[in-house]
1. Which of the numbered conditions does F99 fail, given that it passes all the others? Conditions: (1) over 30 Å from V340 (Cα atoms); (2) within 26 Å of the chain's Cα centre (by Cα).
2. Given the structure, is Q146 within 16 Å of the ligand (Cβ to nearest atom), open to solvent by 20 Å² or more (accessible area, probe 1.4 Å), modelled with pLDDT of 95 or more and not small (G, A, S)?
3. Could you please find all residues in region 201-241 being in contact with a strand residue (DSSP E or B) (Cβ under 9 Å, 6 or more places away or on another chain), closer than 25 Å to L187 by Cβ and more than 16 Å from the ligand (Cβ to nearest atom)?
4. Residues that are under 26 Å from E311 (Cβ atoms) and either of a type outside the set (G, A, S) or open to solvent by 10 Å² or more (accessible area, probe 1.4 Å) (or both): list the strands (runs of 3 or more DSSP E) wholly contained in region 169-258 that include at least 3 such residues.
5. When region 153-164 is examined, which residues are found to be away from the ligand (no atom under 15 Å from the Cβ) and surrounded by fewer than 24 Cβ atoms within 10 Å (Cβ to Cβ)?
6. Out of all the residues in region 30-44, which are open to solvent by 10 Å² or more (accessible area, probe 1.4 Å), at negative phi and more than 8 Å from the ligand (Cβ to nearest atom)?
7. Could you grab me the full set of residues in region 117-127 that are in contact with a Lys or Arg (Cβ under 7 Å, 6 or more places away or on another chain) and either open to solvent by less than 10 Å² (accessible area, probe 1.4 Å) or in a helix (DSSP H, G or I) (or both)?
8. Quick check on this structure: which one of E197, E134 is more than 16 Å from the ligand (Cβ to nearest atom) and acidic (D, E)?
Amino acid sequence: MSNPSQRANKLFVQTFGTQADELYCAPGRVNLIGEHTDYNDGFVLPAAINFHTAIVVKRRDDLRFRAVSDAYPGEIEEWTFGEEGNPVANHWSNYLKGFTAAMATSGLAPKGLDIAVVSNVPMGAGLSSSAALEVAFGTAVNDCSQIKLSPLAIAQLAQRGENQFVGCACGIMDQMISALGEKDHALLIDCLDLDSEAVNMPDSLSLIIINSNVQRGLVESEYNLRREQCEQAAEHFGLESLRDLTLATLEAGKSELSDACYKRARHVITENRRTQNAAWALESNDIAKLSLLMAESHNSMRDDFEITTTEIDYLVEIVSEVIGDRGGVRMTGGGFGGCVVALVDHELTDAVVATIEQKYANKTGLEANIYLCSASDGARRIDN
Ligand code: GLA
């Protein structure tokens, strides 16, 4: 029984001794291009993927929440709305409590729920298992209490919960794509005004995600440091964010900035341009152009933003040798490990898989996991 929805129903009955009322799910995501641009008010181009978190719930008449997850058997987490307390370091329930805490500070008043959670989004791989959890939960709370928040508002509350309760300074990309994803499409999001546009993914391409299985140890501290460096660079030029900085102004002020701040800003400015161009290339099926832009994006993450690892660089190198300009490949997500994304002509899929199997473990001592994915719909209620 590998279907998360079925498993969630079973877990609910085992835990609470009764059937659940409703079922909701929200997907993980892969970012095609536009990395570390979201918190700089820039552009991102993610797609929701066919790995998701399922949440089954039963309404309660009080303000109490009780939650169980199959990833942490035997633990039932309980809290009262508006009394979430302090987060417990690295605990899965922080993502749920963060959401209700964000609702409380926004003056929204939901009813309590009993909840069972099951997910097949790989954890710790940079595919946004946490956003899938937050958004699935937020969608459930919103629907069950008939609060009538839009998917975008749910994403914003989820991000606020993660920023203010969990303590992670993430941008809006992961929550937005999990809430708003569209089957067979990526979403070009302008993180300045949160406008988004669905971009068709050509039928001719396979979406391959390769988990490097590199331990993402430094990810939080390094993520926050990158964010600070970007903010410092923007502040130096008297700007709210790097969105308004041009390459020419950056170059003119280069000597006044630390080398790190200069390089971080250069990545963000050039990545914004690449992301808009990649959306256009995807829409118009210009795969050679997409290939080039993804390669440039990877190089910029490696040399300017300095968030790749040697294993990840190696994966990108061997995949790009196979696909040439018939597809694109780059690291995806926050960095320091995690996954590589490749969009490749279907005919080359087997060759990509074979090359990874032949070379990656030999060179790095790590086994890669390969997921053949498709772009999927965002969070929704499902008939249970
Ligand atoms: C993580 C964050 C996102 C985004 C990416 C990098 O996934 O949660 O907001 O900043 O890293 O692009």
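The values are calculated or read from the model by the stated rules, or taken from the named source; none is laboratory data. Quick caveat: nothing in here was measured; it's all calculated off a predicted structure. Positions of Cβ are generated from backbone atoms using ideal geometry, with glycine treated the same way; all protein chains shown enter the neighbour counts. Side chains included, ligands, DNA and RNA excluded: accessible areas come from the protein's heavy atoms. Shrake-Rupley method; radii C 1.70, N 1.55, O 1.52, S 1.80 Å.
1. (1)
2. Details: within 16 Å of the ligand (Cβ to nearest atom): no; open to solvent by 20 Å² or more (accessible area, probe 1.4 Å): yes; modelled with pLDDT of 95 or more: yes; not small (G, A, S): yes.
The answer is no for Q146.
3. Selection gives M201, P202, S204, L205, S206, L207, I208, I210.
4. Because the criterion is at least 3 residues that are under 26 Å from E311 (Cβ atoms) and either of a type outside the set (G, A, S) or open to solvent by 10 Å² or more (accessible area, probe 1.4 Å) (or both), the strands (runs of 3 or more DSSP E) in region 169-258 that meet it are 205-211.
5. Hit for region 153-164 is A153, nothing else.
6. Residue satisfying the conditions is F43 alone.
7. V118, L127
8. Working: E134 fails: more than 16 Å from the ligand (Cβ to nearest atom).
Only one candidate qualifies: E197.
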